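Before any comments, here is the structure.
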């Protein structure tokens with residue numbers, strides 16, 4: 001890797017990805033275990049904020065342009081700033097998005113069942 005700044009960008013984005021993944025999994029866990037707490041609200045809020053940033057940036061991570069400015073040459077113009085192979089990085093939005101929707105559905109069904 002050419003630039004220490006690029007390493008920091010990719011490292012930061014990888015941590016954000018791991019945090020968002022944990023939030024999505026927590027929403028699923030909360031739905032399955034009927035755990036309605038402040039952590040659930042924070043997890044949903046964090047994911048919705050990330051979705052808003054992604055959508056407002058025309059379905060592109062804002063860190064991608066920054067990573068490319070500092071020499072990212074992976075050729076992955078979609079999510080270039082993460083420590084994953086390009087094929088895996090391209091799967092993040094559909095897999096994580098789909099899991100989040102499923103998690104919200106599970107959460108809603110369990111909440112309605114609890115009445």
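The values are calculated or read from the model by the stated rules, or taken from the named source; none is laboratory data. No experiment lies behind these values; they were computed from the predicted model shown. Here the Cβ is made from the backbone with ideal geometry for all residues, glycine too, and neighbour counts use every protein chain on show.
Select, from 113, 109, the only residue that is at pLDDT 85 or above and surrounded by 11 or more Cβ atoms within 10 Å (Cβ to Cβ). Spell out the reasoning first.
On the way: 113 fails: surrounded by 11 or more Cβ atoms within 10 Å (Cβ to Cβ).
Of 113, 109, the one residue that is at pLDDT 85 or above and surrounded by 11 or more Cβ atoms within 10 Å (Cβ to Cβ) is 109.
Filtering 63, 28 for residues that are in contact with a helix residue (DSSP H, G or I) (Cβ under 6 Å, 6 or more places away or on another chain) and over 16 Å from residue 9 (Cβ atoms) leaves a single hit, 28. Scan the range 65-84 for residues that are at pLDDT 80 or above and surrounded by 22 or more Cβ atoms within 10 Å (Cβ to Cβ) and report the count. Total satisfying the criteria: 1.
Of the residues making up the range 26-53, those that are in contact (Cβ under 8 Å) with a residue 60 or more places away in the chain and either within 11 Å of the chain's Cα centre (by Cα) or exposed (fewer than 15 other Cβ atoms within 10 Å of the Cβ) (or both) number 3. For residue 13, the criteria (1) at pLDDT below 95; (2) over 20 Å from residue 92 (Cβ atoms); (3) crowded, with 19+ Cβ neighbours inside 10 Å hold in every case but one, which is (2).
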